[in-house]
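Below: one structure, written as structure tokens.
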Amino acid sequence: MTRIAVILGSTRPGRRGEPVAHWVMEQARTRSDAEFELIDLLDYPLPHLDEPLPPSTGQYQNPHSQDWAATIGRFDGFVFVTPEYNHSTSGVLKNAIDYVYAEWNNKAMGVVSYGVTGGTRAAEHLRLIAGELQMAGVRTNVALSLITDFKDFTELTPIPHQAQALNTLLGEVIAWSGALAPLRQVAPAA
């Protein structure tokens, strides 16, 4: 069974991402074509990248890096739930992504973003990062506006077409995760 992680990419007090991630998980649980797990970065308090060697070497020295690599390595694809901060994703999500390398390779990714303009710039930055990590970004993006998809900028109340977009995104991530599976099974060159 294809395994997809929904990564909650904000740790701020009062974060809007928590209800967004739970909404994604509620929608995901209605599917029978993949298993989904919520990964909340609050549960992985990674310090600023502190590995002495580049992550591309795969020689993680610190226990927190090794644990994070094992967590990410379990999945076939990812849905990033990200706010938009200063026209980009959150620093905590970027840091978590930068910790490992091969564990992201040849896996699919999709983005559920939120912000005043739907977090679209954060989503675009994540797509650029994903390309460098040899991830396949799916076309569909769920962009939740704090104006139209949140009541009083706080309570998540997505307009109806957002659930349809999320279902499409999940289907694309699952399909691409399956399509990339043969690449993940190729043994690294000795």
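All of Glu155, Glu124 fail the test of being free of Cβ contacts under 8 Å to residues at least 24 places away in the same chain and surrounded by fewer than 20 Cβ atoms within 10 Å (Cβ to Cβ), apart from Glu124.
Candidates in the stretch 1-47 are the residues that are surrounded by 13 or more Cβ atoms within 10 Å (Cβ to Cβ) and polar (S, T, N, Q); of these, the one that is farthest from Gln61 (Cα to Cα) is Gln27.
Just one of Asp50, Asp67 is charged (D, E, K, R) and either surrounded by 19 or more Cβ atoms within 10 Å (Cβ to Cβ) or part of a loop (DSSP other than H, G, I, E, B) (or both); which is it?
On the way: Asp67 fails: either surrounded by 19 or more Cβ atoms within 10 Å (Cβ to Cβ) or part of a loop (DSSP other than H, G, I, E, B) (or both).
Testing whether each residue is charged (D, E, K, R) and either surrounded by 19 or more Cβ atoms within 10 Å (Cβ to Cβ) or part of a loop (DSSP other than H, G, I, E, B) (or both) leaves just Asp50.
Scanning the stretch 37-54 for residues that are of a type in the set (A, V, I, L, M) and touching a residue at least 40 places away in the same chain (Cβ under 8 Å), we see that the one that is nearest to Pro19 (Cα to Cα) is Leu41. For the residues Asp149, Asp98, the requirement of being charged (D, E, K, R) and farther than 22 Å from Pro47 by Cα singles out Asp149.
What number of residues within the stretch 135-152 are in contact (Cβ under 8 Å) with a residue 40 or more places away in the chain and over 15 Å from Tyr114 (Cβ atoms)? Qualifying residue count for the region: 2.
Does Arg184 satisfy the criteria of being surrounded by 12 or more Cβ atoms within 10 Å (Cβ to Cβ) and of a type in the set (D, E, K, R)?
Details: surrounded by 12 or more Cβ atoms within 10 Å (Cβ to Cβ): yes; of a type in the set (D, E, K, R): yes.
Criteria met by Arg184.
Within the stretch 127-152, can you find the residues that are of a type in the set (D, E, K, R), touching a strand residue (DSSP E or B) at 6+ places or on another chain (Cβ under 8 Å) and either closer than 27 Å to Arg3 by Cα or surrounded by fewer than 19 Cβ atoms within 10 Å (Cβ to Cβ) (or both)?
Here is the first cut: in the stretch 127-152, the ones of a type in the set (D, E, K, R) are 127, 132, 139, 149, 151-152.
Remaining after also requiring touching a strand residue (DSSP E or B) at 6+ places or on another chain (Cβ under 8 Å): 127, 149.
Across the stretch 127-152, the qualifying residue is only Arg127.
Note on the stretch 18-36: among residues that are in contact (Cβ under 8 Å) with a residue 40 or more places away in the chain and among the aliphatic types (A, V, I, L, M), the one that is nearest to Phe75 (Cα to Cα) is Ala34.
Every read-out reported here was derived from the displayed coordinates using simple, explicitly stated rules and does not represent laboratory data. Predicted, not measured: the structure shown is a model, and the values here were computed from it. Cβ atoms come from the backbone with ideal geometry, glycine included; neighbour counts cover every protein chain shown.
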